[in-house]
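**Q** Structure below; questions to follow.
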Amino acid sequence: MSSDLPEYYFRIRENGAQVFRVDAENRQRRIDMEPLAVINIRNSEIKPQGDRELSEADLAVIREWMEERQELLAARDMDDIHRAIDSLNLTAQWAQSKASDDQLEEVTDALLLAMHDLRSVLVRKKADRIVGKD
């Protein structure tokens, strides 16, 4: 079993992860996870745990994980946006073909405000991109 385990384990947290070194080669034949560091994806901060000094190998693995995690989160963000587009289309179809007056009354103002806010942001960002190209 120990040969199948990775050397490092990353416990996902809100803005990053806690990093552990996995040790299965001990006398008790149990898996020990030694805390190495806490990492923050947003500001790329790596905080060693306790008085620990991270090796260059530790840092290289952590930085590689952070880069891969950022790419994964970016891909998930884009997937979420594409799903939101689908949801908007399904919502329009629902409003046109299935929604009752009471249901529309319940959601119309919130939807209109959210769509107005989104439209305002998109138009401003589009204008910034056009002006930036000139």
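The values are calculated or read from the model by the stated rules, or taken from the named source; none is laboratory data. All values reported here derive from a predicted model rather than from experimental measurement. Neighbour counts are summed over all protein chains in view; Cβ atoms, including those assigned to glycine, are modelled from backbone coordinates with ideal geometry. All accessible areas refer to the heavy atoms of the entire protein, side chains included, with ligands and DNA or RNA removed. Shrake-Rupley method; radii C 1.70, N 1.55, O 1.52, S 1.80 Å.
**Q** Is one or more of the residues making up region 39-59 at pLDDT below 95, among the acidic types (Asp, Glu) and touching an Asp or Glu at 6+ places or on another chain (Cβ under 6 Å)?
**A** no
**Q** If Met78 meets every condition in (1) open to solvent by 80 Å² or more (accessible area, probe 1.4 Å); (2) touching a residue at least 24 places away in the same chain (Cβ under 8 Å) apart from one, which number is that one?
**A** (2)
**Q** Out of the residues in region 123-134 meeting the condition of being open to solvent by 100 Å² or more (accessible area, probe 1.4 Å) and part of a helix (DSSP H, G or I), tell me which one is modelled with the lowest pLDDT.
**A** Only one residue tops the list, namely Lys133.
**Q** Which residues, taken from region 69-106, are basic (Lys, Arg) and outside any helix (DSSP H, G or I)?
**A** Lys98 - this is the single residue of region 69-106 that is basic (Lys, Arg) and outside any helix (DSSP H, G or I).
**Q** A further question on this structure: Across region 8-18, what is the number of residues that are surrounded by 12 or more Cβ atoms within 10 Å (Cβ to Cβ) and charged (D, E, K, R)?
**A** Matching residues across region 8-18 total 2.
**Q** Residue check, Ile46 against (1) in contact (Cβ under 8 Å) with a residue 24 or more places away in the chain; (2) open to solvent by less than 50 Å² (accessible area, probe 1.4 Å), all met but one. Which one?
**A** (1)
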